[in-house]
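Inspection log for the structure reproduced underneath, given as structure tokens.
The values are calculated or read from the model by the stated rules, or taken from the named source; none is laboratory data. Predicted model, so just to flag it, every value in this text is computed and none were measured. Note that each Cβ is placed from the backbone with ideal geometry, even for glycine, and that neighbours are counted across all protein chains shown. Surface accessibility is based on the protein's heavy atoms, side chains included, excluding ligands, DNA and RNA. Shrake-Rupley method; radii C 1.70, N 1.55, O 1.52, S 1.80 Å.
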Amino acid sequence: MTTFPTSIGTSDADSIRLLGQDLAADLMGQVGFGELAFWLVARRRPTPSEVRVFEAVLVALADHGFTPTAIAARLTYLSAPESLQGALAAGLLGGGSRFLGVTEDCGRFLADTLAGVDGPLPTDDAGWDALALTAVGAARAERRFVPGLGHPVHKVQDPRTPVLISIADEEKLRGPHLRLFEAIGRVHPRVLGRTLPLNGAGVCGAALADLGLPVDLLRGFALLARAAGLLGHLAEERRNPIGMDVYLTVDRNATYTPDPA
């Protein structure tokens, strides 16, 4: 029998091996889904502290409440052939291109800034503030957004941000990406001229980067979390259809403006 083993695992007639473990005997009922997802990507088993922070990120990103993503998924579920598949695709693609892209963009912005540091990283708030001030100033000069700032609902503080920072601190995983992200929160008003909250998608990107997970995959983790929220929205649509009402309310109150370009 021809076999095609992978670095993740193999299957034969009697067993399924995943990450060097027997899936049925060693993993099922013993390993949580968040731990398994981390393990599959990092190819090492996370510590309990890493699992706690990682699963806190998944919970933080699981639900975005009243968003176009949820509306699109609900409408697709009601109207399209193979509606469940289409609804999940609509929700994931919409979330990936807008809301959940912030997780990757923020992680990349922080990682690129840290990679550009010549010498040791800062050891106190003053040093982190100076680095953040340089990074935000450079972004402003290049007319680029600083990812992770601002939220359409939580105008003063995103409730997820301080909680995730606190959890990372308790688990001794408050690393350079989170330190820099916090510093950006402190100094950006001096450059941008207004105060914006550090949003949950951004702090999740910082936390994932501090866990050593590849920046290129941060959007994937956000999509993984969002899938749970989408399933919840679709289950709610089955119990109490509201997608069309929400859409009509938003559409009738929208003000459309021409593209300035």
ask   = Probe 1.4 Å, all protein chains in place: accessible area of residue 45 in Å², nearest 10?
value = 120
ask   = What figure in square angstrom, to the nearest 10, would you give for the accessible area of residue 33 with a 1.4 Å probe?
value = 130
request  = Count charges around residue 136 for me, please; just the other residues with Cβ under 12 Å from its Cβ, Lys/Arg as +1, Asp/Glu as -1.
outcome  = +2
message = Below 8 Å, C-alpha to C-alpha, sequence gap of six or more: please give me the relative contact order for the range 72-141 in percent.
response = 17
task = Quote the relative contact order of the range 149-261 in percent (integer), defining contacts as alpha-carbon pairs under 8 Å separated by 6+ residues.
result = 28
note = By the Cα gyration tensor axes a ≥ b ≥ c (a/c under 1.5 gives rounded; else a/b larger than b/c gives prolate, otherwise oblate), the shape of the range 8-151 is oblate
task = Please give the calculated 222 nm ellipticity per residue for the chain, where each DSSP H segment of at least 4 residues contributes -39500 (n - 2.57) and the sum is spread over every residue; nearest 500 deg cm²/dmol?
result = -19000 deg cm²/dmol
key: Charge-dipole axis of the range 124-167 as Lys and Arg at +1 and Asp and Glu at -1 on Cβ define it, positive-most pick from 135, 161, 151   = 151
message = Could you report the range 153-198's accessible area per residue, 1.4 Å probe, as an integer in Å²?
response = 53
task = Counting only C-alpha contacts under 8 Å and six or more residues apart, can you give the relative contact order of the chain as a whole percent?
result = 26
ask   = Hey, if you drop one equal point scatterer on each alpha-carbon of the chain and run the Debye formula without solvent, what base-10 log of I(q)/I(0) do you get at q = 0.13, 0.14, 0.15, 0.17 Å⁻¹?
value = -0.95, -1.05, -1.15, -1.30
query = Span-like helices, the chain: DSSP H, alpha-carbon axial extent 24 Å or more, mean Kyte-Doolittle 0.5 or greater, which ones?
reply = none
task = Compare the peptides 166-172, 212-218 by average per-residue count of other Cβ atoms within 10 angstrom and give them in order, highest first.
result = 212-218, 166-172
query = Averaged over all directions, how much area does the convex hull of the C-alpha atoms of the range 106-261 cover when projected, in nm²?
reply = 12.4
